[in-house]
Amino acid sequence: MGIIRQPSSSRQPLSLLPPLLSLIFSLLLFLKAFTTPVEAFTLRAASVAYPIRVAFQGEPGAYSEKALRELLGPHVLAIGKPSFEDTFKSVTTREVDYAVVPIENSLGGSIHANYDLLLRHELHIIGEHEFRVEHSLLALPGVKRDDIKRVMSHPQALAQCDAYLRNMGVARESMYDTAGSAKIIAEQGLRDCAAIASELAGTTYGLEVLDSNIEDDDSNFTRFLLLSRQSISSLIPHSVPAKTSIVFITPDAPGALYKALACFTLRDIDFCKIESRPTSPQLFRFLQFQQRQMRSFGAGRGGEPTTGTGDDHDLPRFRYCFYLDFMASQLDEPARNALLQLEEQSQYVRVLGSFPTKGQLLGPIRESLDLLAKESGEAEGLLMQKATSMAARGPPLKAPDRLKIGVVGFGKFGQFLTKTFTKFHDVSVVSRDDMTSVAADLGVPFFPLYEATEFFRQDLDVIVLSVSILAFEEVLKSLPADSLRGKLVVDVLSVKVHPKTVMLESLPGDVDIICTHPMFGPESGKFGWQSLPFVYERVRIQDNSRAERFLSIFEMERCKMIEMSCDTHDKYAADSQFITHLTGRILGQQGLQPTPIDTRGFQSVLKLVDNTCRDSFDLFYGLFKYNKHSSDQIQRLREAFANVERQLAAKEAYLAARTEIMQDERKKLFAECRTLIREAVAQSTTNPPPPPPLVSPPVSLPPATTTASADVDEDVPPPPTPTQKKKAPRTPPPPSFINPTPPKL
Ligand code: NAP
């Protein structure tokens, strides 16, 4: 029974106020830190000023990414999201420009989660694509089909290749994702295991295709939708065949659906799909409210904020939304009239989008793609030209756009960069330790640091400094200054203001300078650099063409190119990269070990520890010492830790106080009830009541002397008679004396 009274304010446990105020204060500080304006920065995509960012659900290489590439081509930036919900949200919140999501499969039917999300998000369908699902069997290079003992994939993919797998006689392992299975095999080096996934997943994770088209049924198609924040219905010319998707809710009356469909059939409008989905009464009310708001907003009036809070018990438990696709644009006259009529007789109608059929694209997306293709085509044409001429001429020759790059510092990161640089340019390396054999493996000449003069005799165009942050100044100043004249010097340090300052101070004016930070390393970039952030500032450039040719290495690898000042970089890097390393190092100190019941979250914690502790301590120290914002992070982490401890203590105190007060309140209330009953009985003895009903509830009184006992549950009074009920105290509201909403843990 919710019979608890509002306690007087004098009962507030004042001891809780200071920690709560401190919590609020910390929250304000936290919000302030995240809303402090930072310098603007620009994103640079492969060849266009701004990339087209498209979200899909899944790991890189997923079928959704393949479908996205078939529809939008190779030049857009495809961003994998862990769930459909996140995929939709990323468009709504402007993190990406578009999303590509599956809506139905020819074998498995509709993807209901996405129908529901279409309803909840204000996005527009602007295109569709029918994608043929072709499964491949993927394994590590060198693994033969006979070596395979088990095959892992998403359960649906395993089911779709049932006959093939039975024939192979292998064990099946269900995984969360097709591409995720390929990733696991690559990451864990599983040689007895194959994955069923797309060929794209094979390319992404360096696996070989053992068999293609292994699905039992070759009519396996998935229809994907392209979603945008902007509708394109007004841009579809009459000559282009169009489709419109709508959702509507009919009244709960006989023939309502028939009448709804008649709006279209009477006007000869073809349907191509109808689907019904149950929806909750709450969602139904919300949709109606939302629609009323939209309409009244359009008419210049305020909404009616009454719905959504009404009594839902009078609504049937199952309300059905009907999703209908018809073959016309919503702006064609017959379709417009059909929609008007449908609106009159439905409780809810929304157009999810009009779009051209058969994978055609129109409007801003078409224009951006054309521009991207043109500019990327030019860049790729250059590369193709180079590749063709190299193939025709045998061993690589020095093409005019081929740079001579010297890498100073051939440690972990220097080697990682060299592997990719050699794809496009001629590279030689210099380092303190003898790295002759590693260099030979990569096919590049090696020079020991004491022979730096020999290294510079090669007429280098670009010198990339990949030494530790701590040694940077010393190494730069030790290089023969004259050998650097007229060259482009690039650093790749994980802090940026420090190398920029040192280079501007020490390098002569005719040396070009670019400060860069590839925000990835051998681990995160082992499957390619696509979509990984590359931050750079052109500090001093005289030879633009050389600088562009160098930057194009990262563009060609499809990095996310972010042009940003060194100062802004350091602010962001302290908030993100340093805190990651700091957390990894701290947790590393705790000696965490895998357990038999590891959750995904814990596995990622272990991975974080492993990744960060694998980097040299010099790197970590450099991040701390040479980024002036890093020490703030340590302080903030301390404060955050103390705040969390305070939150826990506050919650504990709150619960203890609430229990105490509830007991107190219950005791008082029972005592009050007893008094009322006694009064009522006394009254009925002086004024005898009218004759009792045929069956009256027994009245048993609590002992007159009993006051509120400690164990109130055993002292529950009997239900009052109808007359007594009138006088019974009203149920007071629940307590809101400490904190009406207890802190969430
Ligand atoms: P590191 O420990 O930061 O640097 C190791 C490199 O620095 C080795 O080549 C080492 O040469 C050289 N070095 C250290 N002290 C030297 C000295 N006194 N004189 C000459 N050379 C010296 O590890 P790293 O991971 O290879 O990083 C290199 C640079 O890349 C760092 O500035 C780092 O911030 C940046 N970076 C690293 C990553 C990453 O994921 N690791 C990512 C982005 C940027 P020897 O091998 O001859 O000792």
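The values are calculated or read from the model by the stated rules, or taken from the named source; none is laboratory data. Treat the numbers as computed from the prediction; the structure is a model and nothing was measured. Methodologically, a virtual Cβ is constructed for each residue, glycine included, from the backbone with ideal geometry; neighbour enumeration extends over all protein chains shown.
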Within the range 405-439, of all residues that are more than 13 Å from the ligand (Cβ to nearest atom) and more than 24 Å from R558 (Cβ to Cβ), the one surrounded by the most Cβ atoms within 10 Å (Cβ to Cβ) is G406
Within the range 529-555, residues touching an Asp or Glu at 6+ places or on another chain (Cβ under 7 Å) and either at positive phi or of a type in the set (A, V, I, L, M, F, W, C) (or both) come out as W529, I541, A547
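Quick grid of which residues meet (1) surrounded by 17 or more Cβ atoms within 10 Å (Cβ to Cβ); (2) assigned to a helix (DSSP H, G or I):
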{"position": "D570", "(1), (2)": "yes, yes"}
{"position": "S576", "(1), (2)": "no, yes"}
{"position": "T580", "(1), (2)": "no, yes"}
{"position": "G584", "(1), (2)": "yes, yes"}
{"position": "Q593", "(1), (2)": "no, no"}
{"position": "P596", "(1), (2)": "no, no"}
{"position": "S604", "(1), (2)": "no, yes"}
{"position": "V609", "(1), (2)": "yes, yes"}
{"position": "T612", "(1), (2)": "yes, yes"}
S181 being without any contact (Cβ under 8 Å) to a residue 60 or more places away in the chain, in contact with a Pro (Cβ under 8 Å, 6 or more places away or on another chain) and not assigned by TED's automatic domain parsing to the domain that holds D610: no
Do we find a residue being closer than 23 Å to G411 by Cα and within 15 Å of the ligand (Cβ to nearest atom) anywhere in the range 555-566?
yes
Okay, strands (runs of 3 or more DSSP E) sitting entirely in the range 98-139 with 2 or more residues that are farther than 26 Å from A186 by Cβ, I get 98-105, 124-132
Considering only helices (runs of 4 or more DSSP H) wholly within the range 440-524, the ones with at least 2 residues that are within 8 Å of the ligand (Cβ to nearest atom) and more than 33 Å from the chain's Cα centre (by Cα) are 472-478
Every listed condition ((1) among the hydroxyl-bearing types (S, T, Y); (2) within 16 Å of the ligand (Cβ to nearest atom); (3) without any contact (Cβ under 8 Å) to a residue 60 or more places away in the chain) holds for S604 save (2)
A careful count of residues in the range 177-207 that are under 24 Å from the mean Cα position of the chain (by Cα) and surrounded by fewer than 15 Cβ atoms within 10 Å (Cβ to Cβ) gives 1
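Considering each residue of the range 471-522, count those that are surrounded by fewer than 16 Cβ atoms within 10 Å (Cβ to Cβ) and not basic (K, R), and give that number.
The total comes to 15.
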query = Looking at the range 667-678, is at least one residue surrounded by fewer than 15 Cβ atoms within 10 Å (Cβ to Cβ) and under 30 Å from L582 (Cα atoms)?
reply = no
